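Once you've had a glance at the structure underneath, I'll fire off some questions.
Rule-based calculations on the coordinates, nothing more; no lab input. All values reported here derive from a predicted model rather than from experimental measurement. Reconstructed Cβ throughout: ideal geometry from the backbone, glycine too, with neighbour counts over all protein chains shown.
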Amino acid sequence: MSWAEEQSRKNLRLAALVQNACKYDDSLDVGGVVWFEHINLVCGDRKLTELFYITLLGCKPLKSKSFHVNLGQQQFHLTSDTEMSPQKVSGSIGISVSSLEKVRVHAIMHGEELSKNSLFSFTDHGHSLTIICPWGNTFSVFPCKNESEALTPRGVNLPRLALEHHAFDDNMSIRGEPGIRYVEFKIGRGLSGAVCEFYRHYFGAWCKVVQDEETKRALICVGPSTHFIFSETDDAKNDDIVRAQVGVHVCIYIAHFKDSYKRLEKDGLIWTNPRFTYLDTCNTYEQAKMSRQFRFKNINYTVKTEVPAPDSDSDSAPAPAPA
């Protein structure tokens, strides 16, 4: 099987995973993690970064001193610095866009420029796209909505809201809009249960261990229709993969700010990021409360996490209430 065929199957597999997660009886119980707001990545050249995220993927630049771009109600926080090593998520980033055809056209139109001295590649699977960004991150790109959502069931007497939400969980939108549907990280064999227990214990998150034809995965709900996927692989501890992901961080909003802080503090997991001490510190709960956020390191993988309070005043997208 070719790489393109394998990636096509993986896109379908992970899309079905997060879609099915929205159909469990308790899927509307978001849990202690109420919103996944952004992922922070170091890229390279600013012009090339804008071409990829804004022109190709259709993200909207945010009016800010920082380099933030919106995709629906979520964001990519980008650092364009040719002196820093670009960061690479170990797995993949699944996004939904309003027009898959528009991304196809721009990939062809700007492919030569994006490919110049970079890792950029573009593969069209029909149902989805796989795009490798100039710095090696894998993006699985899906249409925000599918045709079935537009079809109203015939001969069925349903209330208006039930009709409006017909086939709502069969698409890849986030609250009906484009966005970051999932982020997949690689973990070592046998760690799915521990990852679920981590998010369940410290945040009260909705978690589930799932087994598919490829591997075992930990599925963590991080807001309405958005998930972290931790996939068990043999190469998760590969030095190059681990090194490339060092410094990547994600931002989540949680329901129980103080309780989660205290639980993490007790186990020595609270962490002030030396790169962002000009923004916030969280060595004590008093500091976290003043900054309206804290950060922590995960114990079994290298992703760092930023946790703002729901009432924090930042230029980031606000955490919406569950639909």
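Using helices alone, what [θ] at 222 nm do you get for the chain, with -39,500 (n - 2.57) per DSSP H run of 4 or more residues, divided over all residues and rounded to the nearest 500? Walk me through the numbers on the way to the answer.
Values: 9 runs with 85 residues, N = 323.
Per the formula, -7500 deg cm²/dmol.
Hey, rough spin-label estimate for residue 158 and residue 277, points 7 angstrom out along Cα→Cβ, what's it come to in nanometres?
For the pair residue 158/residue 277, the computed spacing is 5.6 nm.
Write out the trypsin sites (Lys or Arg not before Pro) in the range 1-96 meeting two conditions: DSSP loop, and at most 11 other Cβ atoms within 10 Å of their Cβ.
Of the trypsin sites (Lys or Arg not before Pro), the ones in loops of the range 1-96 whose Cβ has at most 11 other Cβ atoms within 10 Å are 23, 63, 65.
Considering only 64, 140, 128, give the residue with the highest GNM mean-square fluctuation for the chain, with springs between Cα atoms whenever their separation is below 10 Å.
Comparing 64, 140, 128 in a Gaussian network model of the chain, the most mobile one is 64.
For the range 236-268 and the range 1-59, compute the distance between their C-alpha centroids and round to whole Å.
19
Using Cα springs under 10 Å in a Gaussian network model of the chain, which residue among 180, 220, 270 shows the largest mean-square fluctuation?
Taking springs between Cα atoms under 10 Å, the residue moving most is 270.
Now for a different question. When P(r) over Cα pairs in 10 Å bins from 0, in percent is calculated directly from the model, which label among [x] 6, 26, 36, 24, 7, 1, 0; [y] 6, 20, 20, 19, 18, 11, 5, 1, 0; [z] 5, 19, 26, 21, 13, 10, 5, 0 fits?
Identified label for the calculated read-out: [x].
Write out the cysteines belonging to the chain for which the nearest other cysteine Cβ is not under 4.7 Å, or none if no such cysteine exists.
22, 43, 59, 133, 144, 221, 251, 282
I would also like to ask the following. What's the longest bit of the chain with no exposed GluC sites (Glu not before Pro), using DSSP loop states and at most 10 other Cβ atoms within 10 Å as the test? Write out the running numbers ahead of the final one.
Values: sites that count: 83, 213.
In the chain, the maximal stretch lacking such sites is 84-212.
Still on this structure, I have one more. Please compute the length gained on full extension between residue 110 and residue 28, using 0.36 nm multiplied by the number of residues separating them and subtracting their Cα-Cα distance. Display every interim value, and only then the final one.
Numbers: separation 82, 0.36 × 82 = 29.52 nm, distance 4.02 nm.
Stretched fully, the residue 110-residue 28 segment lengthens by 25.5 nm.
Right, next: Between residue 4 and residue 286, what FRET efficiency follows from the Cβ-Cβ distance if R0 is 35 Å, with the result rounded to 0.05?
The pair residue 4/residue 286 has a calculated efficiency of 0.10.
Hey, another quick one. Using 1/(1 + (r/R0)^6) with R0 = 51 angstrom and r between the beta carbons of residue 12 and residue 63, what's the FRET efficiency to the nearest 0.05?
Calculated transfer efficiency: 0.85.
Given the options 272, 218, 162, identify the residue whose Cα lies farthest towards the positive end of the charge dipole of the chain (+1 on Cβ of Lys, Arg; -1 on Cβ of Asp, Glu).
Checked the options; the winner is 272.
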